[in-house]
1. Just grab the label-to-label distance for Arg268 and Ala57, each label 7 Å out from Cα along the Cβ direction, in nm (one decimal).
2. Of the heavy-atom accessible surface of the range 14-96 (probe 1.4 angstrom), what whole percent is carbon and sulfur?
3. Would you work out which of Asn69, Gly29, Ala59 lies farthest towards the positive end of the dipole of the range 21-71? Charges go on Cβ: Lys and Arg +1, Asp and Glu -1.
4. To the nearest 0.05, how large is the calculated FRET efficiency for Arg234 and Gln48 if R₀ is 30 Å and r is the Cβ-Cβ distance?
5. Ranked from highest to lowest mean number of other Cβ atoms within 10 Å per residue, what is the order of the peptides 200-209, 234-243?
6. Using 7 Å Cα-to-Cβ label points, what is the Leu94/Arg123 separation (nm, one decimal)?
7. Each residue of the range 71-78 in turn: what ³J(HN,Hα) in whole Hz from Karplus with 6.51, -1.76, 1.60 and θ = phi - 60°, glycine and Pro shown as x?
8. Per residue, how large is the accessible surface of the range 193-262? Use a 1.4 angstrom probe and give square angstrom.
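The values are calculated or read from the model by the stated rules, or taken from the named source; none is laboratory data. Treat the numbers as computed from the prediction; the structure is a model and nothing was measured. A quick note on method: Cβ atoms are made from the backbone with ideal geometry, for glycine too, and the neighbour counts reach across all protein chains shown. To get the accessible areas, we keep the full protein, side chains included, count just its heavy atoms, and leave off ligands, DNA and RNA. Shrake-Rupley method; radii C 1.70, N 1.55, O 1.52, S 1.80 Å.
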Amino acid sequence: MTKVHVDREFEQTVQWYPGHMVAAMRRIGDYMKLIDVVIEVVDARVPQIGANPMLDAIAGNRSRLLVLNREDLADPVQTSRWLAFFESKHRRALAVNGLEQSSVSKANYSLGQLARTARGMQRAIVVGLPNSGKSSVINGLLRRSAARTEDRAGVTRQLQWFRVGANLELMDTPGILVPKISSPDAQWKLALVGAVPRERYDPEDIAGRFHRWLVDTTNGRTRVPGLEAFARSRGFMRKGGEVDYHNAAQSYIKDFNEGKFGRITLERAPYDDAKTA
């Protein structure tokens, strides 16, 4: 019998909040008294669930900059609508591709504007969920490779200071998830974009949830293949003609994050507040 992933029931819970995140969140709160500007880096494909709501409580009235990273992987129409939404909420936000210096220069300009509003040394803290691209954005701001980058969650474990200019320092922080990802939709979407380590979820489960969501949101008009069709087309087969779903799912998720399925945003901007593009 053929194994069907699109119609299966998904019951796996995706959670991850290790001890180093608990300690890092506490230390960020302690360091906040030294901070003038808070920069939050969010994956542009998950602009809302990719943000950390715990930040609102500890940031207080400090100047804030929201950076939607990986705009090259997100639907440009949705990114435009999200930026309009944040503007309607009086939040300074911009979209960048952290791997391109010319794109990150937009963040550099906005950060420079914020720093010039005060005298003396300004200190900015860079926060975000795991694998949101914080280190890439920092390297772009510094115009050099200083912060370690890898395509997996949990690489940065320590707080690090970097000098940007004569009057501005940046603090890089470990990626921190919320203690509990309550929504099943948020769980699979955060796993799909790499905010959760690969060993904390079943890739077949995540690939199946994504494709079922895509079919639902496009009324079946998507050209993105389901996992079985993808596996067969890529030759993920075992002896006897059995499909190797596990390895196919890992490749499927990798292709999604490399933009091979197109530019896809997993959260739609609120239409009531956002200006249409």
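1. Inter-label distance under the simple model: 3.2 nm.
2. On the way: 1730 of 3380 Å².
Using a 1.4 Å probe with all protein chains present, the range 14-96 comes out at 51 percent carbon and sulfur.
3. Result: Gly29.
4. Working: r = 32 Å, r/R0 = 1.08.
Step by step, r from the Cβ atoms, then E = 0.40.
5. Values: 200-209: 21.3, 234-243: 11.3.
In decreasing order of mean packing, 200-209, 234-243 become 200-209, 234-243.
6. 2.4
7. Values, residue by residue: 4, 5, 9, 9, 4, x, 5, 5 Hz.
8. Values: 3630 Å² over 70 residues.
Value for the range 193-262: 52 Å² per residue.
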